[in-house]
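Asker: This is the structure I want to talk about, given as structure tokens.
Quick note: the coordinates plus some simple rules give every number you see, no bench work behind them. Just so it is clear, the structure is predicted and the values come from calculations on it, not from any experiment. Cβ coordinates were reconstructed from backbone atoms using ideal geometry, including for glycine residues, and neighbour counts include every protein chain displayed.
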Amino acid sequence: MLHSRVPQSAAKAAATDWSNHSIGPYPPGTGKAGSVWFRAVCTGLLLVGLALVAGCRSEPPEAALRATIDRMQAAAEARDAGALADAVSVEFIGPDGMDRDQFRRTLALVWLRDQQVGVQLGPLDVKLVGDGATVAFTAGTSGGAGWLPERGQLHRVKTGWRLEDGEWMLVSASWEPML
């Protein structure tokens, strides 16, 4: 007759109480973090590391300048003088000695004349120099009182920019018709 013989290790395992949060055939604490503190410290270090990585990631200067120009283009098309002027320095100098206020008045005149205003920029040639930059591009402008533009012009534009309190500000601009 065959005796069913259980190996001693199996008998010992069957006799051990594994019900206190153990997974698998290992007793509690074996191969696991010894305490809640260990997990808390690891989690804290992970969060601090993520915060440092996120804090170190700032927008590169050229990308920030391009974003400022995009916002100005959108503000011009939306006829939003306040948003457009936010990026124009108080020291702005334009063609024929135009200052910031004259620039705003010129825009107001264009917006009074043309109910619809369109601005399309060509490729931006950005050159960063210290806290400043120059950007050259072509700009197509259109305007009119109705749905279709009545006027259009292509300009060659050169602009000067300076970082002021972490923001790119337009300090100079010149433009000339290309056609």
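Asker: On average, how much area does the Cα convex hull of segment 61-177 cover when viewed from any direction, in nm²? Walk me through the intermediate numbers first.
Answerer: Numbers: hull surface 27.6 nm².
Seen from a random direction, the Cα hull of segment 61-177 projects 6.9 nm² on average.
Asker: Near the amide H of ILE93, under 5 Å away, which other amide H atoms are found, from residues 5 or more places off or on another chain, if H is placed in the peptide plane?
Answerer: Correct list: SER172, ALA173.
Asker: Give me the net charge for the shell around LEU124: Cβ to Cβ below 15 angstrom, other residues only, Lys and Arg +1, Asp and Glu -1. The partial results should precede the final answer.
Answerer: Working: positive: ARG66, ARG71, LYS127, ARG156, LYS158; negative: GLU62, ASP70, ASP125.
Value of the local net charge: +2.
Asker: So, one more: Could you line up VAL129, VAL171, VAL119 from fewest to most neighbouring Cβ atoms inside 10 Å? Numbers along the way, then the final one.
Answerer: On the way: VAL129 9, VAL171 19, VAL119 15.
Listed from fewest to most nearby Cβ atoms, that is VAL129, VAL119, VAL171.
Asker: Quick one: MET72, MET169, MET178, fewest Cβ neighbours within 10 Å first, how do they rank? Walk me through the intermediate numbers first.
Answerer: Values: MET72 22, MET169 18, MET178 12.
Least crowded to most crowded, the residues run MET178, MET169, MET72.
Asker: Once you have a ≥ b ≥ c as the square roots of the Cα gyration tensor eigenvalues for segment 85-143, tell me rounded if a/c is under 1.5, and otherwise prolate or oblate according to whether a/b is larger than b/c. It would help to have the intermediate numbers written out before the result.
Answerer: On the way: a/c = 2.62, a/b = 1.30, b/c = 2.01.
It comes out oblate by the Cα gyration axes.
Asker: With an 8 Å Cα cut-off and a minimum separation of 6 or more residues, compute the relative contact order for segment 61-177 in percent.
Answerer: On the way: 205 pairs, mean separation 27.2, N = 117.
Value for segment 61-177: 23 percent.
Asker: Which ³J(HN,Hα) values in Hz, rounded to whole numbers, follow from the phi angles of segment 134-142 under the Karplus curve 6.51 cos²θ - 1.76 cosθ + 1.60, where θ = phi - 60° and Gly and Pro get x?
Answerer: After applying 6.51 cos²θ - 1.76 cosθ + 1.60, I find 10, 9, 10, 6, 9, 10, x, 10, 9 Hz.
Asker: Moving on. Around MET169, with a cut-off of 11 angstrom between Cβ atoms, what is the net charge of the other residues, counting Lys and Arg +1 and Asp and Glu -1? Mind dumping the intermediate values first?
Answerer: Working: positive: ARG100, ARG162; negative: ASP86, GLU91, ASP131, GLU164, ASP165, GLU167.
Around MET169, the surrounding residues sum to -4.
Asker: Please order LYS158, LYS127 by the number of other Cβ within 10 Å, starting at the fewest.
Answerer: Details: LYS158 14, LYS127 10.
Ranked by crowding around the Cβ, least crowded first: LYS127, LYS158.
Asker: How charged is the neighbourhood of ALA75? Take every other residue with its Cβ under 13 Å from the Cβ of ALA75, and add Lys/Arg as +1 and Asp/Glu as -1. Provide the component values of the computation, followed by the final result.
Answerer: Values: positive: ARG71, ARG79, ARG104; negative: ASP70, GLU77, ASP80, ASP86.
So the surrounding residues net to -1.
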